[in-house]
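Remarks on the structure that follows.
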Amino acid sequence: MMWAKLIVLLVLLFFGSVQAATVSLIPDRSSVSVGDQFSVGIIGSDFLSLSGGTMDLGMDDRVQVQAISIDPYWDFLSSSIGSSQSPEVWTGIEFSTLFNPPASGDFLIATIVFEAMNAGMSNLSILQSSEFYDPSGVLSPDIIASQVIVSPVPLPSAIWLFALGLMVMFRFTATHRIK
C-alpha cells in the first residue's frame, strides 16, 4: 500500500510539472478602422523543443494578408511564406531550424501584417491542418486564436460640426417664421 502511494505521488509530481506548449496569435491592437494596417505576432510559449513546422492561417473577409515575415531565428526559403488558397485561408507558412538548435521557452515565430477591409468582428486562427515538429516527431501544442474588431471609418468631426450648425440654423429659421 505504501509503495502504491509513493508511485502515485511520483507520477503526479512528474506529470503535474509538465507545461503544455501553446501557439498564440497576438494582435498589436484589438480594434482597428477599415483601411488600417495592423500586425499579428505568432508566439510560441512553454515549448521544451521546437524544430519547425507548417502553419495554415484562417481568417474572414474583414481582413486581408499584406505581408508575412518569419523571425530571423528560423531558417526558411522566401517561397515558404505560403499563399492564399481563398480569401479565408492562407496556407503553407513554413519555418525550421536547420542551422540553429531547436527553440525552447517563449519565442516569436512570425509576424503577419493585415489590412482591415470590412467592418465587424474578425476571427484569426491557426487551422488544425498546421503541424509543429521537434527532433522526436510531431507536436500538438494548444492553439489560441484571436479576434480584432474592425470599425467603420468615422466621419471627421468637421462634418458633425457642419451638420450641427445646419440644424441650429434650420431651427432658428423655423422659429422666426412662425412669429
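Pro72 - would you say it is under 17 Å from Val34 (Cα atoms), out of contact with any helix residue (DSSP H, G or I) (no Cβ under 9 Å at 6 or more places or on another chain) and without any contact (Cβ under 8 Å) to a residue 40 or more places away in the chain?
Against the criterion (under 17 Å from Val34 (Cα atoms), out of contact with any helix residue (DSSP H, G or I) (no Cβ under 9 Å at 6 or more places or on another chain) and without any contact (Cβ under 8 Å) to a residue 40 or more places away in the chain), Pro72 does not qualify.
Inside region 25-66, can you point out the residues that are surrounded by fewer than 19 Cβ atoms within 10 Å (Cβ to Cβ) and within 12 Å of Leu108 (Cβ to Cβ)?
Ile26, Ser39, Gly41, Ile43, Ser45 - these are the residues of region 25-66 that are surrounded by fewer than 19 Cβ atoms within 10 Å (Cβ to Cβ) and within 12 Å of Leu108 (Cβ to Cβ).
In this structure, does Phe172 turn out to be more than 17 Å from Arg29 (Cα to Cα) and not in a strand (DSSP E or B)?
When the stated conditions are applied, Phe172 passes them.
Quick check on my filter: what residues within region 91-119 are closer than 21 Å to Asp61 by Cα, in a strand (DSSP E or B) and touching a residue at least 60 places away in the same chain (Cβ under 8 Å)?
The answer is Thr111, Ile112, Val113, Phe114, Glu115, Ala116.
All of the numbers you see were taken from the coordinates with simple rules; none came from a lab. Computed from a prediction, not measured in an experiment: that's the story for all the values here. Every residue, glycine as well, gets a Cβ built from its backbone with ideal geometry; the counts of neighbours run over all protein chains shown.
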